[in-house]
Every structure is written in structure tokens, then in C-alpha cells.
Amino acid sequence: MSVFQSGSKALITGGASGIGLAVAQLCLKHGMRVSIVDFNKETLGLAEKSLEGDVQCLQADVGKEDYWAFVKEKVGDVDFLMLNAGVGGQGSWGDGAYFSKILNTNLNGVINGLNTYVPSFQSRASDARPAAIVITGSKQGITNPPGNPAYNASKAAVKTLAEHLNWDFREKKNVGVHLLVPGWTFTGLSGNTPGSPTPKPLGAWTPDQVASYLESKMLTSKFYIICPDNDVSEQTDKKRMLWSVNDIVKERQPLSRWRDEYKEEVGEFMERTQV
């Protein structure tokens, strides 16, 4: 049975825009009670006006542990927890603010959310209604393209946390744990902020498409929910991931997919490999 059902209670971080907002709309469509946590006061206000149903909007910095006591007090226990809040940004070595900003939200926000809510999921009765925890990762946390070490590291860590959590809940039949890995999605990170006239790029999915894909994969109990987009197929994603893990297996230099000396070999691999 799906967690998306009338009367169930959802908490979504980063829920005021993008994928989080789309999942909030999905929950409301199913008659759920929804609490949204977001740091951006402007988008939070717009979400509160646009969403119809049983909605609670809270402003909080998910990267700060103290805020989670406030969230838990206001929201209480939930059936569906989506730890989705994330920020982007560019920087490199020597730029402490860049690392702190991204890791604070993308990693600490997940750790704090899990430490606050996982105990209540662990203690759920076996006959309680279905429950689920969804953590939003990134393909950059798997294939690790060069150019954004803090973001990639945050999402790689999130993947590891989600995998451990799934293992820890392996015998809890009424609690699902899922890692959502969006493809190219038209969100605030790519210019889709509320009120912005920026058109959606043809190659990108909409947040609604991601939410629908998430629901369909959760219904089949998939843990890794790796979304394609209009430019990148599921097969291409799998080939890229295979190449990346083979850097270790074959003792190549790291990030070899982007190195000139491997360009021809990468092309041949992508063409001939079947997945």
C-alpha cells in the first residue's frame, strides 16, 4: 500500500519550490496533511498562497540542529518524510564559505532531519499505516564530475546515509526508504524561481514529472530512483555510473571520463556497453 493516502501526514524540507513543492502538491492531491519547511521566506509565502489543502509552512534553517526541535514541536510525527532541501553554488579550495554553505544545508540538513525523525519511524507499530523516508540526492554524488567538490561531496555523503538507512529498515515492512536522484530538472537551481520568466530548457524535466516518477518507483519498492530527463536516458545514466565505478576496479586515474587520454576509450565504452 502506498504512503500517499488520505489522512497521512507529510513533512517536506525545501518544499516551497521545485521538486519539493511538486511533491507537496502530489501529497495534497492524495488528501494528505502537509508541512513544508524552507529557509526562503519569499518562496515559502508564495507556496502558502498557491497550495490548496491542509498545509503548514515553516521557515527554518535545516542545517542548524536547534531548528529541528522547533520543527518537531510544530509538526509532530509524520508518515512521509522527504529531506529535499538543497543549495548549489560555485567555489573551490581555499573558499571556506563555499564549503560551509553547501555542506550545512545539503548534508547537515539531512543528518539533522534523520536524527530528529528516524526514532519515531523505528518505533512504528507493525500494523501502522505505510510510511516512507525519501532523501534527495544527485547524479553528481554518484559520477562525481569535476568542478564542484563541495556539492558532489555533500550528495555522495547523502547517498551513503540513505543506503545505511535502507539497510537499517530492511525488516520494517511498513517503512520504505528511498534515494531520489533527479536528472536535469527545471528548478530554482537552474533558473526556475517563482515569478521568473525564464523558459524551461527543452532537455529538462519539470518538477511535476520528477514527483510522478518518484511515486511510480516507490509503488514498486525501488530504493534507487534515478530519473532520466529529455536529454539523458536511463541507459546512458547506467553506463556513466558503470564507467565511474570502474575507475576503482581498473585502477585508473579518478574522474577519467573527463580526462583527454581516456576520451576515445570512453566513447567506445558508451557505444558498445549494454545495460
query: Looking at the range 60-108, which of its residues are among the polar types (S, T, N, Q) and at pLDDT below 95?
result: Gln90, Ser92
query: Yes or no: Met270 touching a Lys or Arg at 6+ places or on another chain (Cβ under 6 Å), farther than 21 Å from Ile12 by Cα and either assigned to a strand (DSSP E or B) or not assigned by the TED database to the domain that holds Thr116 (or both)?
result: yes
query: Can you find a residue in the range 94-113 that is surrounded by 18 or more Cβ atoms within 10 Å (Cβ to Cβ), β-branched (Val, Ile, Thr) and closer than 20 Å to Leu11 by Cα?
result: yes
- prompt: Just one of the numbered conditions (1) without any contact (Cβ under 8 Å) to a residue 60 or more places away in the chain; (2) of a type in the set (Lys, Arg); (3) in contact with a Phe, Trp or Tyr (Cβ under 9 Å, 6 or more places away or on another chain) is not true of Lys263; which one?
  reply: (3)
message: Of the conditions (1) polar (S, T, N, Q); (2) modelled with pLDDT of 95 or more; (3) exposed (fewer than 15 other Cβ atoms within 10 Å of the Cβ), Asn152 satisfies every one except a single condition; which number is it?
response: (3)
task: Could you please tell me which pairs satisfy a Cβ distance under 8 Å, a separation of 6+ or placement on different chains, a first residue in the range 149-169 that is touching a residue at least 24 places away in the same chain (Cβ under 8 Å) and in the same structural domain as Gly183 (by the TED database), and a second residue that is surrounded by fewer than 18 Cβ atoms within 10 Å (Cβ to Cβ) and β-branched (Val, Ile, Thr)?
output: Leu161/Ile111; Leu165/Val118
- line: Here the residues within the range 21-31 that are surrounded by fewer than 24 Cβ atoms within 10 Å (Cβ to Cβ) and hydrophobic (A, V, I, L, M, F, W, C) are Ala22, Leu26, Leu28
field: Candidates Asp38, Asp61, Asp54 - the one that is more than 24 Å from Trp205 (Cα to Cα), of a type in the set (Asp, Glu) and in contact with a helix residue (DSSP H, G or I) (Cβ under 6 Å, 6 or more places away or on another chain)
entry: Asp61
- prompt: How many of the residues making up the range 131-161 are basic (Lys, Arg) and in contact with a helix residue (DSSP H, G or I) (Cβ under 6 Å, 6 or more places away or on another chain)?
  reply: 2
query: Out of the range 213-229, which residues are in contact (Cβ under 8 Å) with a residue 40 or more places away in the chain and either farther than 29 Å from Met1 by Cα or surrounded by 14 or more Cβ atoms within 10 Å (Cβ to Cβ) (or both)?
result: Leu214, Glu215, Met218, Lys222, Phe223, Tyr224, Ile225, Ile226, Cys227, Pro228, Asp229
message: Of all residues being among the polar types (S, T, N, Q) and touching a strand residue (DSSP E or B) at 6+ places or on another chain (Cβ under 8 Å) in the range 135-165, which is nearest to Gly96 (Cα to Cα)? Just the residue, please.
response: Ser138
field: Filtered residues of the range 94-130 (kept if aliphatic (A, V, I, L, M) and touching a helix residue (DSSP H, G or I) at 6+ places or on another chain (Cβ under 6 Å))
entry: Ile102, Leu103, Leu107, Val110
query: If you check Ala132 against the conditions, is it in contact with a strand residue (DSSP E or B) (Cβ under 7 Å, 6 or more places away or on another chain) and either among the hydrophobic types (A, V, I, L, M, F, W, C) or surrounded by fewer than 17 Cβ atoms within 10 Å (Cβ to Cβ) (or both)?
result: yes
- prompt: Within the group Leu46, Leu28, which residue is of a type in the set (A, V, I, L, M), in contact with a Pro (Cβ under 6 Å, 6 or more places away or on another chain) and more than 24 Å from Ile111 (Cβ to Cβ)?
  reply: Leu46
- request: Provide a single number: the residues in the range 188-212 that are closer than 19 Å to Ala10 by Cβ and either modelled with pLDDT under 95 or surrounded by fewer than 19 Cβ atoms within 10 Å (Cβ to Cβ) (or both).
  value: 2
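The values are calculated or read from the model by the stated rules, or taken from the named source; none is laboratory data. Because the structure is a prediction, the values reported are computed rather than measured. Using ideal geometry, Cβ is built from the backbone for each residue, glycine included, and neighbour counts are taken over all protein chains shown.
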